[in-house]
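Structure first, then comments.
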Amino acid sequence: MKILGIESSCDETSAAVVDDGRLVQSNIVASQIPVHERFGGVVPEIASRQHVLAIDSVTHSALDNAGCTLDDIDAVAVTYGPGLSGPLMVGTTFAKGLSLSRDLPMLSVNHIEGHVLSVWLSHSKHIFREPRLPMISLVVSGGHTELHLVKRPGEYRRLGQTRDDAVGEAFDKVGRLLGLPYPGGPSIELAAAEADTSPRVSLPRPWLPGTLDFSFSGLKTAVMREVKQRLQDGRLELESDEAKSLASEFQDAVTDILCRKLCDAVTETQASSAAIVGGVASNLFIRSHLAEALDVPLYVPGAGLSADNAAMIAGAAFWSPRRASMDLEIQPSVRM
Ligand code: KG4
Ligand code: ZN
């Protein structure tokens, strides 16, 4: 079954063709990072307009790259939430148009479920991905930080979530505090890799004992305090070495928290495997520490499949299909 996926929940316009929920035939992502960079975050109205401008050509490229046309497509899958209202409207309206004009079934996909099922995807027909179940999935993105027990595709139990900031959001805010380029996540990873290891501050690790919930806003405030202390002498920004050292300490603290919570979730549920998905899963430092800390296999999404993309939407529609009608409404705050 060949599914055309459409994703537009935040600041990436994406279309992809996926065979049988596994093989990624194409995955085109038009990022709006350069457009939102000067505002230091995603501006919803601008994001909507950018989606309108990009969605048609992105879809054409996805079909071209997969070497097929709409005649070869069996269904259209689209993200209906969670996400930003305007951007979600653009994607769902576009998918309805395609479905109606070509008489194709339309499948609605929850964006978080897309991230969770992204570890089933492969770029090669010779690499078979069949995660061991039950699996614990750690979803870490700009808008979400959640732990789920995945019994099988479509059957989940939420074990924990953030009580304040999402991890990606904390990375982005701390990146701004440290004067690093937007978005903060990749910039902090890069800066931390260049930090020298000697005298370090120690940032707090909010454990929230007895729960699998997370909290990152205190950690962000602690970084803010460290920055203010250094700028007391009237300087407007940190020295490069100071920023690198704080970036590294922040990344260490986040990694410790994610490791502890993921390991606890695996132990409590006796899960057979674990996964880290979502934009923050691109972070190689976090990935490698999680893999070391766990005594079950850790699955990570393939290249280009951690951050928002339409391949994960097409894949999820195959594994956990939900038929939608022309009445499909966006649900900006829907949970998985
Ligand atoms: O999943 P995603 O593309 O969009 C949402 O659904 O939110 O995640 C975007 C988030 C941003 O906060 C970005 O800073 C973060 O993922 N991110 C990273 C890295 N690459 C992207 N965070 C830490 N390390 C990275 N290498
Ligand atoms: Zn996402």
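Read-outs: derived from the displayed coordinates by stated rules, not from any lab. Values in this document were obtained by computation on a predicted structure and should not be read as measured data. Glycine also receives a Cβ, built like all others from the backbone with ideal geometry; neighbour counts cover every protein chain displayed.
What to note about this one:
- DSSP assigns beta bridges within the chain; of those with both partners inside it, close to 60 percent run antiparallel.
- In order along region 101-115, phi translates into HN-Hα couplings of 6, 10, 6, 9, x, 10, 10, 9, 10, 7, 4, 5, 5, x, 4 Hz, rounded to whole numbers, per the Karplus curve 6.51 cos²θ - 1.76 cosθ + 1.60 with θ = phi - 60° and x for Gly and Pro.
- Dividing the Cα radius of gyration of the chain by its Kirkwood radius returns 0.99 for Rg/Rh.
- Cross-link pairs exceeding 19 Å between alpha carbons, from the set Lys2/Lys125; Lys96/Lys125; Lys173/Lys244: Lys96/Lys125.
- Student exercise, the chain dipole from Lys, Arg, Asp, Glu Cβ charges, in Debye to nearest 20: 600 debye
- Here's how it looks for Gly160: its modeled amide H is under 5 Å from those of Leu147, which are all 5 or more places away or on a different chain.
- Amide proton proximity set for Val334, modelled H, under 5 Å, gap of 5+: Gly83
- By the equivalent-ellipsoid construction on the alpha carbon gyration tensor, region 1-61 comes out with semi-axes of 25, 10, 9 Å, ordered largest to smallest.
- Karplus-derived 3J(HN,Hα) values for region 6-13, using 6.51 cos²θ - 1.76 cosθ + 1.60 with θ = phi - 60°, are 10, 10, 8, 7, 9, 10, 10, 9 Hz; glycine and proline are entered as x.
- Positive-end residue, region 178-336 charge dipole about Cα centroid, Cβ charges, pick of Leu290, Phe216, Tyr182: Phe216
- Rounded to whole Hz, the Karplus (6.51, -1.76, 1.60) HN-Hα couplings of region 159-176, x for glycine and proline: 9, x, 7, 6, 9, 9, 6, 7, 4, x, 4, 5, 4, 5, 5, 5, x, 5
- A crude spin-label estimate for the pair Met1 and Trp319, with each label 7 Å from Cα along the Cβ direction, gives 1.4 nm.
- Cα-centred dipole magnitude for region 1-113, charges only on beta-carbon of K, R (+1) and D, E (-1), debye, nearest 20: 240 debye
- FRET efficiency, Arg200 to Glu37 (Cβ-Cβ, R0 25 Å, nearest 0.05): 0.25
- Farthest positive-ward along region 1-72 dipole, Cα basis, beta-carbon charges - from Val43, Ile55, Ile3: Val43
- His148, His60, His51, His289 arranged by Cβ crowding within 10 Å, fewest neighbours leading: His60, His289, His148, His51
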